[in-house]
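The values are calculated or read from the model by the stated rules, or taken from the named source; none is laboratory data. The structure displayed is predicted, hence computed values, not measured ones. Please note: Cβ atoms are built from the backbone with ideal geometry, for glycine as well, and neighbour counts cover all protein chains shown.
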Amino acid sequence: MSHRLRMRGRRLGPWGEYVNHAYARVLSLPPLIAILSPHPFRHLIPLILSPSPMSVILVTGGSGLVGQAIKHIISTSPPNSRFGKKDNETWIFINSSEGDLRNPEDTKRLFEKYKPTHVIHLAAMVGGLFRNMKYKLTFFRENTLINDNVLWSAYQNNTKKVISCLSTCVFPDKVEYPLDETKIHLGLPHESNFGYAHSKRMVDIQNHAYKEEFGCNFTSAIPTNVFGEYDNYDLEDAHVIPALIHKCYLAKKNNTPFIVGGSGTPLRQFIYSRDLAKLFIWQLREYEDVEPVILSVGEDEEVSIKQVADAIVEAMDFKGSYEFDTSRADGQFRKPASNKKLLSLINKPGEEEFRFTLFKEALQVSVQWFLENYDTARTGVRK
Ligand SMILES: NC(=O)c1ccc[n+]([C@@H]2O[C@H](COP(=O)([O-])OP(=O)(O)OC[C@H]3O[C@@H](n4cnc5c(N)ncnc54)[C@H](OP(=O)(O)O)[C@@H]3O)[C@@H](O)[C@H]2O)c1
């Protein structure tokens, strides 16, 4: 059999053969160096020398609580580490100033502009209990439009992977606890936020349908209550931790009592935004299934609202009077979510270990961030 090289069925001349041979040698150089090198890390040489495909990771909702945390972790972790930026990655963080994701044309334009290979989809209409109760249709409609536009544009642009962000609010109101990933569709969500919850649940349906019909690799994450730097502290609209931080700040500033709504006894699982950021980066790189993953601390790490308020009082060094307004509703006593699936997957031998930050430590830095950034934070106060 002739060893002469052929290109598209044509025989190459001597010059062509020389070029082709040289090219083949260059391609085989990294393994050759690896075999000859005495260095213990020689197996890494081919990886270093052979170019890996570029990834463009688009983070929607990049200016918010979770988006800012991902930006922080990816840029401050050691480059090429488990949670740091890899050399072959470009990370793009967008918010509504670049385009309104409720609008299909804006969404299409953003996907055509950045051509993301991967998307972490965080953008959403988000709010506390009061806003959820008041604007059920708006929460349903806006989030449904945003999610549909993002997933459709990702499909149209051959995006390799999308992780969308759900919430433990999507779970049924009447269900056997603890919540786990198999229980999302087993009953109606709590009526206080059924617009937001139904809309977010539909993302799981879409992910399965995109996979079955088009073979897409779309999945979702389900965080519990998130807190941290860049939270929304607007008292009209905030979740419990940022609302209490802001209230305690005002009580200290105005020398008034710090009043916490309810009895303080309900228990909740809170996740620090920078821990959540690491888990999103893990899910992006190391998790390849359509089924969602609950991203949360364990059920044994539930914290009462009183413990939250105590920790804020301590972090704020608040010395004034502090009381609970028991005339205000408490909400559900507890709604524990299991993080068993996450724990079974996240820590592997040879990989950098993931650990949750202690609640009090994370709360301390969040309060500090609020105090240092009050002028620019989302407080709803005209400054
Ligand atoms: N916070 C929690 O406790 C919690 C708990 C569970 C799940 N989640 C989920 O986590 C994700 C991130 O939440 P977050 O707390 O980081 O929210 P956030 O701080 O309120 O940030 C929301 C982000 O979405 C963007 N956005 C909103 N509407 C948009 C639109 N029409 N077009 C383009 N961008 C838009 C915002 O951009 P602008 O800054 O330009 O407005 C912002 O970047 C959400 O999907 C949320 O449902 C949050």
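Quick one: is I241 surrounded by 22 or more Cβ atoms within 10 Å (Cβ to Cβ), more than 24 Å from N373 (Cβ to Cβ) and in the same structural domain as S304 (by TED's automatic domain parsing)?
no
Being among the aliphatic types (A, V, I, L, M) and away from the ligand (no atom under 16 Å from the Cβ) is the filter; apply it to the stretch 339-383 and report the residue that is modelled with the lowest pLDDT.
That would be V381.
Determine which member of the set L343, L371, L358 is under 20 Å from the mean Cα position of the chain (by Cα), surrounded by fewer than 20 Cβ atoms within 10 Å (Cβ to Cβ) and touching a residue at least 24 places away in the same chain (Cβ under 8 Å).
Exactly one of L343, L371, L358 is under 20 Å from the mean Cα position of the chain (by Cα), surrounded by fewer than 20 Cβ atoms within 10 Å (Cβ to Cβ) and touching a residue at least 24 places away in the same chain (Cβ under 8 Å), namely L343.
With the requirement that a residue be closer than 23 Å to A69 by Cβ and hydrophobic (A, V, I, L, M, F, W, C), what does the stretch 152-166 give you?
A154, V162, I163, C165, L166
Could you tell me whether Y249 is within 13 Å of the ligand (Cβ to nearest atom) and aromatic (F, W, Y)?
Here the answer is no, as Y249 does not meet what is asked.
Any idea which of (1) touching a residue at least 24 places away in the same chain (Cβ under 8 Å); (2) under 21 Å from V203 (Cβ atoms) is the one Q68 doesn't satisfy?
Just one mismatch for Q68, condition (2).
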